[in-house]
Structures are given as structure tokens and as C-alpha cells.
Amino acid sequence: MGRRRGIMSEGFKEELAKELGFYDVVQKEGWGGIKARDAGNMVKRAVEIAQQSMKNYR
């Protein structure tokens, strides 16, 4: 099976990592170095932002 293409842009992921406080790990170790909890929090925050954007769109 081929590798899946990411849904979030690299810039958006970096912004979220900075906001959530683990961007230093990303810089040192790459995305594979973050904890599962951090990845989950990043997805949760991205969903919150998307939901807020949809509310403002209506």
C-alpha cells in the first residue's frame, strides 16, 4: 500500500505544534518524534479550528 498524503499542510502542522508547545521536538526529531498524545492533541485542535471556521462561515 502506498503512503497516504497528509491532509494538513506542513505550515499548519507547525503552527499547531508551536501553539501546543512541542515544536522543538519536531525540529530536533521530525514528526515521528512526537508523542501519540501530542499528535492526538494536534488533531483535536485542528478539528476545533475547523468547527469554528464552519460556524463563522454560516
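Bear in mind that the values in this text are calculations on the coordinates, not laboratory data. Being a predicted model, the structure only gives us computed values, none of them experimental. Every residue, glycine as well, gets a Cβ built from its backbone with ideal geometry; the counts of neighbours run over all protein chains shown.
Across region 38-44, computed HN-Hα scalar couplings (Karplus, 6.51 cos²θ - 1.76 cosθ + 1.60, θ = phi - 60°) run 5, 4, x, 5, 5, 5, 4 Hz from first to last residue, x flagging Gly and Pro.
Per-residue 3J(HN,Hα) values for region 9-20, derived from phi via the Karplus relation 6.51 cos²θ - 1.76 cosθ + 1.60 with θ = phi - 60°, read 5, 4, x, 5, 4, 5, 4, 5, 4, 5, 4, 8 Hz in sequence order (x marks Gly and Pro).
Considering only G32, M54, L16, and ranking their Cα positions along the charge dipole of the chain that arises from unit charges at the beta-carbon of Lys, Arg, Asp and Glu, the one farthest toward the positive end is M54. Each residue, K55 and D24, gets one label point 7 Å from its Cα in the Cβ direction; the gap between the two is 3.3 nm. Placing unit charges on the Cβ atoms only, positive for Lys and Arg and negative for Asp and Glu, gives the chain a dipole magnitude near 320 debye about its Cα centre. Computing Rg/Rh (Cα atoms, Kirkwood Rh) for the structure here picks out one of [x] 0.96; [y] 1.03; [z] 0.91, namely [y].
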